[in-house]
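Worksheet: one structure, shown below.
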Amino acid sequence: MTGSDPRTASSAAPLTGPAAPCWVTLMTRHRETAERFYSQVLGWSFRPGRLGSDFSVAYRGQVPVAGLFAVSSAFQVAVAWTPYFSVEDANVAAARIRERSGTVAVGPLTLGKGRGVLASDRDGAAFGLWERTEPPTSPPAPADHAHSWLRLRTRNAFDAAIFYGEVLDWASGRPGGCDVAYEGEEVIVRCEGHPLARISSGAVEAAADPLVRPHWLVQFPVADLAETVATAERHGGTLVEDRTGFEGTEVTLRDPDGALFAVTDVRSPA
């Protein structure tokens, strides 16, 4: 069994803060199958969630790291990993999305200890909003590492940075918020100085290949990349893309239900 390793992400931001990604959720058709797969591949354990029998929470140790939500195959809902960004007011953020030609598909809805929104940006990349309405009861992610980080592949990184900056108050200078830096051909999002997400250009909205269409990709740092990929393939996963650069390797996988995610030995998204 393999698992994510905090040492491989020591410079990345935790999924906390008023404008930082606060959660990632997998929408799947078979919750128990997904739990078995990710427990083997990433070393997670699972506990029932508060949203019914179709929802569970993934843990690494005692820290919750992701949510799994099973939907009936009768519903036309994409099987996918989705990042949820924390906001102070879901109504205000949802209105900003509409004003900037994005789409609000669901919400704001009251769910457990908060209010959620499922949306897409103006290029079609899906993401969520989360407004916490009650104090958290679970321990936060340690301040020196992340359980995951994000990459947005979009049509134009600069345009996307403006869209998300205006919706989520990035670069507002507020305590706990995120800053945006244009580095080379990419945009790097940092929360309190720590790399959090990378935004790159070149996606094509009408492309048949889901890796080429605009999308958020959730990346999980792991201790042994080769063993993680081999474990995923043994348990029904598929290797989709292998990207090796000077900073390390990122491997995109498809889980048994078709959801794309990445595992990496890269130390940070920057």
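General remarks:
- Residues considered: T238, T231, T252. Of these, the only one that is open to solvent by less than 20 Å² (accessible area, probe 1.4 Å), of a type in the set (V, I, T), at pLDDT 85 or above and out of contact with any Ser or Thr (no Cβ under 6 Å at 6 or more places or on another chain) is T252.
- Count - residues of the range 180-212 that are farther than 21 Å from Y84 by Cβ and touching a Gly at 6+ places or on another chain (Cβ under 6 Å): 1
- Residues of the range 85-106 classified as more than 17 Å from F69 (Cβ to Cβ) and part of a strand (DSSP E or B), total: 4
- The single residue among L68, L109, L51, L26 that is assigned to a strand (DSSP E or B), modelled with pLDDT under 85 and within 17 Å of W130 (Cα to Cα) turns out to be L109.
- Of all residues in the range 71-84 being assigned to a loop (DSSP other than H, G, I, E, B) and of a type in the set (G, A, S), the one that is modelled with the lowest pLDDT: A74
- Yes/no for D224 being open to solvent by less than 50 Å² (accessible area, probe 1.4 Å) and over 16 Å from the mean Cα position of the chain (by Cα): no
- Spans of strands (runs of 3 or more DSSP E) in the range 150-235 with at least 1 residues touching a helix residue (DSSP H, G or I) at 6+ places or on another chain (Cβ under 7 Å), free of Cβ contacts under 8 Å to residues at least 40 places away in the same chain and aliphatic (A, V, I, L, M): 178-183, 186-191
- Members of the range 138-170 that are open to solvent by 70 Å² or more (accessible area, probe 1.4 Å) and modelled with pLDDT under 85: P140, A143, D144
- H215 under 20 Å from the mean Cα position of the chain (by Cα), farther than 19 Å from A80 by Cβ and not hydrophobic (A, V, I, L, M, F, W, C): no
- Index of the failed condition, T8 passing every other in (1) outside any helix (DSSP H, G or I); (2) at pLDDT below 75: (1)
- For the range 116-129, taking the residues that are open to solvent by less than 50 Å² (accessible area, probe 1.4 Å) and of a type outside the set (A, V, I, L, M), the one that is nearest to N156 (Cα to Cα) is identified as D123.
- Some residue of the range 255-269 being surrounded by fewer than 18 Cβ atoms within 10 Å (Cβ to Cβ) and more than 26 Å from A70 (Cα to Cα): yes
The values are calculated or read from the model by the stated rules, or taken from the named source; none is laboratory data. Source: prediction; values computed, not measured. In this analysis, Cβ positions are derived from the backbone assuming ideal geometry, glycine residues included, and neighbour counts consider all displayed protein chains. Note: areas computed on protein heavy atoms with side chains; ligands, DNA, RNA excluded. Shrake-Rupley method; radii C 1.70, N 1.55, O 1.52, S 1.80 Å.
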